[in-house]
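The values are calculated or read from the model by the stated rules, or taken from the named source; none is laboratory data. This is a predicted model, so every value here is computed, not measured. Note: ideal-geometry Cβ built from the backbone for every residue, glycine included; neighbour counts use all protein chains shown. Just the protein is used for accessible areas: all its heavy atoms, side chains included, with ligands, DNA and RNA removed. Shrake-Rupley method; radii C 1.70, N 1.55, O 1.52, S 1.80 Å.
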Amino acid sequence: MLICRYPRGGKISTGDFIFLGFLFIVLIFTTKMATKGKLTFNVLSNKFLVAYKFEKVITISSELYKNGFSIFDLGDYELIENILKKVNQTDETYIFDYKYATSNQATQLATQRVVFIKFSNDLLYNFDLKPESFYDKLKQTIGYEDIDFADFKEFSKRYALHSLERKKIEKFFPHELMKILAKKDGVFIESRKNCLLIYKKEWHEFSEYEPLYEETLKYKQLLLASI
């Protein structure tokens with residue numbers, strides 16, 4: 001809430017008028033930009049729905065909640081909205097926006113766009129891959145296990161890879177995927193035997209669907225081909 005304190009006598013100075021006028025102009029500009037961005041997003045999203053044969057739905061597979069995905073640790077509130085769905089012969093693919101409350105000093109809502117793929121059979125192995133943070137490096141110094149690859153040092157430097165199936169990861173984790181991720185920042189891949197969850201920090205509520213979906217398809221193909 002904006003509170004204006006008037007000087008004694010109830011008169012507003014010229015400087016106050018200029019300041020209030022500036023705030024009004026900024027408000028109009030930001031509102032127009034937000035409206036324009038939303039309209040552009042709606043046009044692009046409708047094109048995506050048609051081109052890639054997705055449909056808007058109001059529910060998502062219960063498998064999403066059964067697999068201990070760490071995305072639900074981002075914050076409180078936890079609202080899933082704007083769900084898109086596509087059914088193939090071997091899987092169901094969902095794209096959704098996950099809204100959560102950040103734990104900053106001033107609580108704010110943030111949105112992360114996510115792709116969730118549910119397979120009809122157990123096709124994959126379990127692992128969690130995320131950008132390696134300072135805390136991950138610190139945990140490694142006290143013995144917390146991170147799977148590194150001597151032949152892919154840049155990938156191992158950028159990402160923390162954890163799994164209870166270490167031998168399977170060391171044998172099957174696709175080399176081509178490590179080469180791709182070694183040049184990318186901010187990718188999260190959470191894999192379970194019958195499903196896959198992928199997101200990237202930069203994809204949020206009004207991001208285009210197509211780049212995220214195409215990138216996810218590439219990761220999925222490489223993982224399935226590695227088995």
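Side notes on the structure shown:
- Kirkwood estimate for segment 60-105, i.e. one over the average of 1/r between Cα atoms, Å: 12.1
- Net dipole in debye of segment 53-225 [+1 Lys, Arg Cβ; -1 Asp, Glu Cβ; about Cα centre; nearest 20]: 360
- Per the Cα gyration tensor, segment 53-225 maps to an equivalent ellipsoid with semi-axes of 25, 21, 15 Å, ordered largest to smallest.
- Centre separation in Å (Cα based) which lies between segment 145-180 and segment 80-126: 23
- Percent carbon-and-sulfur accessible area, segment 53-225, ignoring ligands, DNA and RNA, probe 1.4 Å: 49
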